[in-house]
Amino acid sequence: MSEHTASSPTNDEVDSSPDFLSCPPIFVLPTHLSLESLHEIEEDLVKRNARLTYDISEARLILGKIGQEKRAALELRSRGVWTEPISKYEPPTKRRRVEAQEPVKSARQDDIIDLSTETEDEEDGMRSRHGPSRHLNRPKPPSASASTPHPSIASSDQSDVISVVKLDWLNQCLQAQELLSIEPYLVYLARQIPSPAKPQPNQPTKTTTKSADILQRAKQDAVLQPPPPPPTHNHHSRTHTTHQPPPLPQTTTSEHDEVVSPHSPPPWVKNNIIYACLRSTPLHPPNEDFINQLLKIRHIRELTLDEIGVRAYSTSIAAIAAYPHEIRRSSEILSLPGCDTKIANLFHEYQHSANHTLATANELDISPSLQTLHTFTNIWGVGTKTARDFHYNHNWTTLDDIIEHGWPTLSRVQQIGLKYYDEFLQGIPRPETSHIAAIVTKHANRVRPDAGTPIQCAIVGGYRRGKPLCGDVDLILTHRDEHITKNLVVDVVASLESEGWITHTLVLHLMHSQRDQQTLPYRASDDSTAPGKNFDTLDKALVVWQDPHFDDSDHHHHHSHADTDSEEEKTRQKRKRNPNIHHRVDIIVSPWRTVGCAVLGWTGDKTFERDLRRYVKKTHGWKFDSSGVRERTTGGQVVDLEAGGETWEERERLVMQGLGLGWRDPEERCTR
DNA sequence: GCCA
DNA sequence: CAGTACG
DNA sequence: TGGCCGTTACTG
């Protein structure tokens, strides 16, 4: 396949000459190249110490299978790099401002930790815990773009000068085993200029379309027949039945070669199953490291308000997370539903980068703005819009900035979120989660002493998926008798509040909206709650939890607590501050008749749930949510799929089967 | 960004 | 109404 | 080329 014969199989002696280390960062244009040969070229370069980059904006030397200057400019522009031609003798100017940093807005440089904060927070009885003013990784100033000087092969290492060179140059260099002048191969010598106006992601330009077509074909091939083992004569890789590739043929030398048998695609790949809810997705998939990189990119998309990008990356991530083999070649990616050339190229970059990272993903770590936004969105009650408002309109960069300058403008829940910022970010261990569940269950039964049979509690969410640490605790309370579950949330929360377990109620959700009246007309009359609609039937409560018990006896260091007696003698009669961590707990109450839906709807990961709704809509025309399955036709008749299930587990299974999902263990719904 |  | 939350 | 979860439900 290689229309470019760089890697000689007989590489006894000279495997790595010439050495491209002295060349400026190199980018290889994929245009007119198959994925295979593109990767082959890149591997040849890497092997010879080239500073290969996958971020074209970093590249100063660009290799491509193109011959015309105009075409070269088009290629660059379609990738977001705007250029103007320069004559070969014009002295380069310097430019290169990486990231225009925001005006330095005179922030007072030190943080006054606020007594102010804690006194102002009393409005709903927040106890003044010490302020949320914790150290936050404060953004580092952008390091001046350090473009290390290096000898340049053809002078074009200047910061803003880009050379587009025919691929043939590389071939000749390899053949000659020495670096040749790029001069005869130079297609386009350009200076990078700022993109006009806003960074318009202009039309894809047919060149990219074209290269995408090639890869598209590769994708189809990949689906039908696993990527052809490279022309390595020997070895008929037999189609092995299960996922367990036969031992790799030892090719004593060149380790970088894909001389391995292809994986047999799992059925969902062959059948192009696009819904994550129809696949098995474990908590720790074989390609977790790569997924973690993609998760960072997705997060950047979130912080930059690119909702569609978030959706797209979620789809790709879910597919890769379901893939049961460690991916060896980017062409494998192309075979996965929800993944295309973009992700395949990212995988290739990941695979060949020194530390297995992606340049785009690294932005999250190095961009001060992104870090600030990341910090802000971690406040419960602050989403991406508000985070950007804080940062870009108010010029706040730290939590202390918000506290100092914006505290009174925050909503109640945002104040709570800020107050317990660090504590909410602490993962909750499984034993603690089950302990919390036991206490909630105990109180539920305490407030329904005549229930006959006990109220049951299902721990759902991340806990049920098997996570060792959970971001919050999700509990579903249910009972066969609807009289028992009615108003249960209010009563349980009140009971837990009175004992001090719940310190704040962030929000109460009311499940039966007015529209739902029509969906359960049979209930409206049957229930003793006949009069109209019970507006007080609460479905879930999002609360702040703290174990009220702690050791406040001083007898260990009896006598002289010389440290604390200064200012709080007043509050310290017998109550010292409760040192226990505050956690987020969601208490959901479900009537028995739909508890299978509730459990199914609260166990899956986000992408699992989104795809579940899409799937149910597409294949049945129904609407699924955690409160039931309905017809989508107006008036939405209830579709009862779980009738007869005697346990909530059984009812969940019935729902899954009724929806056509088959069964999938909770631990297999980890779509990320 | 991917797909029907 | 926009924004946020839930999985 | 349009659609992407939810006619979510709550807050302010």
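The values are calculated or read from the model by the stated rules, or taken from the named source; none is laboratory data. Bear in mind that the values here come from a model prediction, so they are computed numbers and not experimental data. Backbone-built Cβ (ideal geometry, glycine too); neighbour counts: all protein chains shown. For the accessible areas, the whole protein counts, side chains as well, though only heavy atoms, and no ligand, DNA or RNA atoms are used. Shrake-Rupley method; radii C 1.70, N 1.55, O 1.52, S 1.80 Å.
Where in the range A:453-571 are there strands (runs of 3 or more DSSP E), lying wholly inside it, with at least 1 residues that are within 29 Å of residue A:281 (Cβ to Cβ), at pLDDT 95 or above and open to solvent by less than 60 Å² (accessible area, probe 1.4 Å)?
Per the criteria, A:456-459, A:473-479, A:538-545.
Based on this model, can you work out whether residue A:355 counts as within 16 Å of DNA strand C (Cβ to nearest atom) and surrounded by fewer than 17 Cβ atoms within 10 Å (Cβ to Cβ)?
Against the criterion (within 16 Å of DNA strand C (Cβ to nearest atom) and surrounded by fewer than 17 Cβ atoms within 10 Å (Cβ to Cβ)), residue A:355 does not qualify.
Among what's in the range A:606-636 and is surrounded by fewer than 15 Cβ atoms within 10 Å (Cβ to Cβ) and in contact (Cβ under 8 Å) with a residue 40 or more places away in the chain, pick the residue that is nearest to DNA strand C (Cβ to nearest atom).
Among those that are surrounded by fewer than 15 Cβ atoms within 10 Å (Cβ to Cβ) and in contact (Cβ under 8 Å) with a residue 40 or more places away in the chain, it is A:606.
For the range A:51-66, name all the residues that are open to solvent by less than 30 Å² (accessible area, probe 1.4 Å), in contact with an Asp or Glu (Cβ under 7 Å, 6 or more places away or on another chain) and of a type in the set (A, V, I, L, M).
Answer for the range A:51-66, where residues must be open to solvent by less than 30 Å² (accessible area, probe 1.4 Å), in contact with an Asp or Glu (Cβ under 7 Å, 6 or more places away or on another chain) and of a type in the set (A, V, I, L, M): just A:66.
Pick out the one residue from A:412, A:448, A:388 that is closer than 30 Å to residue A:592 by Cα and modelled with pLDDT of 95 or more.
Testing whether each residue is closer than 30 Å to residue A:592 by Cα and modelled with pLDDT of 95 or more leaves just A:448.
Just give me the residues in the range A:410-435 being closer than 11 Å to residue A:473 by Cβ and in a helix (DSSP H, G or I), in sequence order.
A:430, A:432, A:433, A:434, A:435 - these are the residues of the range A:410-435 that are closer than 11 Å to residue A:473 by Cβ and in a helix (DSSP H, G or I).
Got a number for residues in the range A:261-290 being closer than 24 Å to residue A:466 by Cβ, open to solvent by 50 Å² or more (accessible area, probe 1.4 Å) and among the aliphatic types (A, V, I, L, M)?
0
With the range A:326-367 as the region, which helices (runs of 4 or more DSSP H) entirely inside it contain at least 1 residues that are closer than 21 Å to residue A:315 by Cβ, in the same structural domain as residue A:608 (by TED's automatic domain parsing) and small (Gly, Ala, Ser)?
The helices (runs of 4 or more DSSP H) meeting that bar number zero.
Looking at A:375, A:384, A:397 in this structure, which one is under 15 Å from the mean Cα position of the chain (by Cα), β-branched (Val, Ile, Thr) and open to solvent by less than 60 Å² (accessible area, probe 1.4 Å)?
Only one candidate passes the filter, namely A:384.
Scan the range A:609-638 for residues that are more than 21 Å from residue A:540 (Cα to Cα) and either within 16 Å of DNA strand B (Cβ to nearest atom) or modelled with pLDDT of 95 or more (or both) and jot them down.
Once the filter is applied, which keeps residues that are more than 21 Å from residue A:540 (Cα to Cα) and either within 16 Å of DNA strand B (Cβ to nearest atom) or modelled with pLDDT of 95 or more (or both), the range A:609-638 yields A:611, A:612, A:614, A:615, A:616, A:617, A:618, A:619, A:620, A:621, A:622.
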